[in-house]
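Here's the structure we're looking at; comments come further down.
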Amino acid sequence: MTTTAKPRSRMSLRDRIHVFDAKGSPYLLVAPFFLLFAVFGLFPMIFTLYASMQDWSVRRPERSFIGLDNYSFLLFEYDRFGWSIFNTLGMFVIATIPQLIVALMVANALNKRLRGQLMWRMLVLAPIVTSVMAVGIVFARIWGQEYGMVNGFLGLFGVDNINWHSGRLSSWVAIASMVDWRWMGYNALIYLAAMQVIPRNLYEAAALDGASASQQFWKITIPQLKPVIIFTVFISSVGGMMLFVEPMMFGSGQLSGGTAGQFQTTSMVLVDMLRTHGNYGLSSAAGWILFVVIGLVAGLNFLIINRLQGDK
Amino acid sequence: MSTALKQPQARPAAGAPKRRNRGRHLVSIGGAAGTPSLLTKITLGVVIALSIFPLYWMIVIASRTSRDAISFPPALLPGGNLGEHVERALSDPQANLLLGLQNSFIITGTVTVSVVLISTLAGFAFAKLQFKGSRLLMGVVLATMMVPLQHLGLVPLYLLMVELGWLDTLQAAILPFLVNGFGIFLMRQYTIQSVPDELIEAARMDGASTIGIWWRIVLPALRPGMVVLGLLTFMLNWNEFLWPFMVLSNNNPTIQLAIRQISIGLYSTDLSMVFTGTLISIIPITVIFIVFGRQIVSGIMEGSNK
């Protein structure tokens with residue numbers, strides 16, 4: 001790479017192979033990724049954009065260009081779609097905020113001097129072994145109206161049986177519990193990793209200045225963790241906006257998300273459009289709208305967290 | 001991303017580190033390695049209890065009768081029916097659990113091998129080789145991690161599989177997952193950490209080709225990283241639902257499709273059997289988690305902190 005091959009004609013065959021190797025091999029090494037990505041990632045994305053502007057379904061296989069009609073149908077005519085975005089955002093908010101706060105507390109606890117470090121970390125992470133499907137199956141029963149454990153527990157305090165599935169907010173809470181249960185430990189470990197690289201002398205200096213443990217947590221730990229918090233919120237928003245299996249299993253495996261779509265997410269609408277109605281155009285448009293929403297949510301989260309920290 | 005995450009830590013430490021050794025025992029240091037307070041212990045205890053309970057309860061109900069699932073206070077001790085339930089679930093031809101397990105192993109195994117290999121190749125190139133456009137290409141790799149590719153590609157990929165006549169075949173479930181941007185990101189970090197430049201230079205002096213260097217120097221050094229990436233990829237793909245749901249049927253399911261079918265159809269009224277199936281479905285990952293717990297924990301912690 002450093003030598004510009006000036007006396008090219010006089011190079012031996014071996015040198016030429018060597019130059020080719022140095023210049024060409026890197027591209028060969030990254031080629032498998034980019035080839036497969038082009039076929040199974042990039043091309044489908046672009047094709048989806050094209051399909052989203054077509055009147056195209058199983059029943060109308062000869063597609064015709066209709067501009068942005070699919071988008072305006074979803075956004076302005078098909079009520080369930082707008083609600084699905086609202087539902088998805090709502091579940092994301094009530095799942096993410098408590099989850100990340102608890103994860104921070106747990107990370108802080110794990111960062112103390114504990115015997116059997118690895119065991120504690122594994123116990124916190126254990127829910128991750130459960131597939132989303134298994135979580136959905138078990139938690140749907142836990143939140144059941146007649147025999148569910150949550151209602152049974154609330155009954156001890158004289159609370160009447162709640163039909164968690166029927167209300168919007170109540171079903172969100174139940175679904176958020178599945179997300180939180182599965183991901184809290186994962187986020188806690190990410191925070192723990194970041195806490196461990198905070199320089200110790202920051203704490204020592206603060207302690208000498210008389211800062212209490214909780215002051216140290218708020219004035220040192222949290223600001224130092226800001227980049228990681230942004231990272232986890234970002235990852236959670238991408239994942240949360242694609243929520244699918246949990247609400248599906250909460251609704252007995254159906255894509256309708258409750259009788260009135262009270263817990264139907266945008267992913268469920270998208271899949272429903274494709275699987276149940278065979279409408280390729282609408283499903284594609286739903287995908288791109290979802291993509292834009294994810295971008296907006298991620299950007300907004302970034303701004304909010306930045307602002308919060310800026311006040312300090 | 002790696003640099004973006006690291007930067008703020010360069011903030012200067014305020015205060016006087018000179019006097020560090022004096023008074024260390026007189027003040028409470030709330031940060032690393034402090035002693036846990038009572039509140040800390042309680043928090044941890046409650047969280048872990050809540051983390052474990054649903055898993056434990058699954059075992060309890062799977063080993064008792066469905067009647068016990070609907071009693072309150074809930075049954076809290078395992079019963080003696082687990083063996084019988086497992087046998088019944090596995091031998092029920094309609095449940096398709098064995099086929100589901102087998103399919104999931106084939107799909108997940110293939111995807112894992114592919115992701116690990118492709119990621120070590122590209123990770124090495126991005127970490128140690130200079131080539132035009134490498135920054136741009138790495139940017140593309142990172143961007144792929146942020147895009148909901150599955151949702152944006154659902155329609156064309158589904159139609160492609162229909163066109164090829166591959167619905168209900170395993171290759172349809174495998175192909176879209178063969179590459180993964182996160183894998184490259186992780187292997188690039190591992191390569192930077194664990195392969196010294198001098199080693200590569202020395203091998204070049206000896207006339208080794210780039211591929212030869214990858215094979216003889218990079219791969220052996222990356223073995224721990226490959227194990228971590230392999231474990232994470234395996235766990236992620238074992239749990240995959242949406243895409244297999246699109247292209248596979250209940251006649252040729254993955255384990256996730258099979259337990260969904262058990263739960264909403266076959267045994268929808270027999271909770272013991274539902275939980276038995278669910279329990280069977282998480283056993284492979286649980287075994288991996290217990291055997292490789294250390295690597296998985298460190299993989300998650302290191303992967304995020306770069």
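List of remarks:
- Among the residues making up the stretch A:21-33, those that are facing another protein chain (nearest Cβ under 7 Å) and within 32 Å of the chain's Cα centre (by Cα) are A:Tyr27, A:Leu29, A:Val30, A:Pro32, A:Phe33.
- A residue that is modelled with pLDDT of 90 or more, farther than 30 Å from A:Gln99 by Cβ and not β-branched (Val, Ile, Thr) can be found somewhere in the stretch B:51-66.
- Residues in the stretch A:49-90 that are open to solvent by 80 Å² or more (accessible area, probe 1.4 Å) and of a type in the set (Phe, Trp, Tyr) were compared, and the one that is nearest to A:Ser283 (Cα to Cα) is A:Tyr50.
- Selected residue (criterion: most open to solvent (accessible area, probe 1.4 Å)) from residues of the stretch B:104-137 that are basic (Lys, Arg) and facing another protein chain (nearest Cβ under 10 Å): B:Lys132
- For the stretch B:222-259, the set of residues classified as within 11 Å of chain A (Cβ to nearest Cβ) and free of Cβ contacts under 8 Å to residues at least 12 places away in the same chain consists of B:Leu236 only.
- Top-ranked residue in the stretch B:276-306 [being at the interface with chain A (Cβ under 7 Å from one of its Cβ atoms) and within 18 Å of B:Leu55 (Cβ to Cβ); ranked as most open to solvent (accessible area, probe 1.4 Å)]: B:Thr286
- Among residues of the stretch A:34-64, those that are farther than 21 Å from A:Leu290 by Cα and in contact with an Asp or Glu (Cβ under 8 Å, 6 or more places away or on another chain), counted: 2
- Subset of the stretch B:53-87 [at the interface with chain A (Cβ under 7 Å from one of its Cβ atoms), touching a helix residue (DSSP H, G or I) at 6+ places or on another chain (Cβ under 6 Å) and open to solvent by 50 Å² or more (accessible area, probe 1.4 Å)]: B:Phe72
- The selection criterion, being under 29 Å from A:His277 (Cβ atoms) and in a helix (DSSP H, G or I), does not hold for A:Thr96.
- When B:Met161 is tested against the conditions (1) more than 30 Å from A:Pro61 (Cα to Cα); (2) over 18 Å from the mean Cα position of the chain (by Cα); (3) more than 9 Å from every other protein chain (Cβ to nearest Cβ), the lone failure is (1).
- Screening B:Val147, B:Val140 for residues that are closer than 20 Å to A:Leu28 by Cα, surrounded by fewer than 21 Cβ atoms within 10 Å (Cβ to Cβ), at the interface with another protein chain (Cβ under 9 Å from one of its Cβ atoms) and among the β-branched types (Val, Ile, Thr) leaves exactly one candidate, B:Val140.
- The stretch A:1-48, residues that are among the charged types (D, E, K, R) and either modelled with pLDDT of 90 or more or surrounded by 12 or more Cβ atoms within 10 Å (Cβ to Cβ) (or both): A:Asp15, A:Arg16, A:Asp21, A:Lys23
- Cβ-Cβ contacts under 8 Å between residues 6 or more apart (or on different chains), taken from a first residue in the stretch B:68-86 that is closer than 20 Å to B:Ser281 by Cβ to a second residue that is among the aliphatic types (A, V, I, L, M) and open to solvent by 40 Å² or more (accessible area, probe 1.4 Å), are listed as B:Pro78/B:Ile59; B:Leu82/B:Ile59.
- Total residues in the stretch A:112-160, condition facing chain B (nearest Cβ under 8 Å) and in a loop (DSSP other than H, G, I, E, B): 7
- Applying the condition of being within 10 Å of another protein chain (Cβ to nearest Cβ) and either buried (at least 24 other Cβ atoms within 10 Å of the Cβ) or in contact (Cβ under 8 Å) with a residue 24 or more places away in the chain (or both) to the stretch B:261-275 and asking which residue is nearest to B:Phe245 (Cα to Cα) yields B:Gln261.
- A:Ile230 being more than 20 Å from A:Gly90 (Cβ to Cβ) and away from chain B (no Cβ under 11 Å): no
- Every pair of residues 6+ apart whose Cβ atoms lie under 6 Å, when the first sits in the stretch A:198-218 and is within 16 Å of A:Ala109 (Cα to Cα) and free of Cβ contacts under 8 Å to residues at least 12 places away in the same chain while the second is open to solvent by 20 Å² or more (accessible area, probe 1.4 Å) and not in a helix (DSSP H, G or I): A:Ala213/B:Ser28
- Verdict on B:Leu175 being open to solvent by less than 10 Å² (accessible area, probe 1.4 Å) and within 7 Å of chain A (Cβ to nearest Cβ): no
- Qualifying residue in the stretch A:258-278 (condition: more than 22 Å from A:Phe86 (Cβ to Cβ), at pLDDT 95 or above, open to solvent by 20 Å² or more (accessible area, probe 1.4 Å) and more than 15 Å from the chain's Cα centre (by Cα)): no
- Residues that are among the acidic types (Asp, Glu) and touching a residue at least 60 places away in the same chain (Cβ under 8 Å) within the stretch B:195-221 comprise just one, B:Asp197.
- Test: residue in the stretch A:127-136 that is surrounded by fewer than 22 Cβ atoms within 10 Å (Cβ to Cβ) and of a type in the set (Gly, Ala, Ser): no
- The sole residue among A:Ile198, A:Ile222, A:Ile175 that is out of contact with any Gly (no Cβ under 6 Å at 6 or more places or on another chain), β-branched (Val, Ile, Thr) and facing chain B (nearest Cβ under 9 Å) is A:Ile198.
Results for (1) out of contact with any helix residue (DSSP H, G or I) (no Cβ under 8 Å at 6 or more places or on another chain); (2) in contact (Cβ under 8 Å) with a residue 60 or more places away in the chain; (3) open to solvent by 20 Å² or more (accessible area, probe 1.4 Å), shown as yes or no for each residue.
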| position | (1), (2), (3) |
| --- | --- |
| A:Phe139 | no, yes, no |
| A:Leu154 | yes, no, yes |
| A:Gly167 | yes, yes, yes |
| A:Asn187 | no, yes, no |
| A:Val233 | no, yes, no |
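The values are calculated or read from the model by the stated rules, or taken from the named source; none is laboratory data. Keep in mind that what you see is a predicted model, and the values were worked out from it rather than measured. Positions of Cβ are backbone-derived with ideal geometry, glycine not excepted, and every protein chain shown enters the neighbour counts. Ligands, DNA and RNA are excluded from the accessible area calculation, which covers all protein heavy atoms including side chains. Shrake-Rupley method; radii C 1.70, N 1.55, O 1.52, S 1.80 Å.
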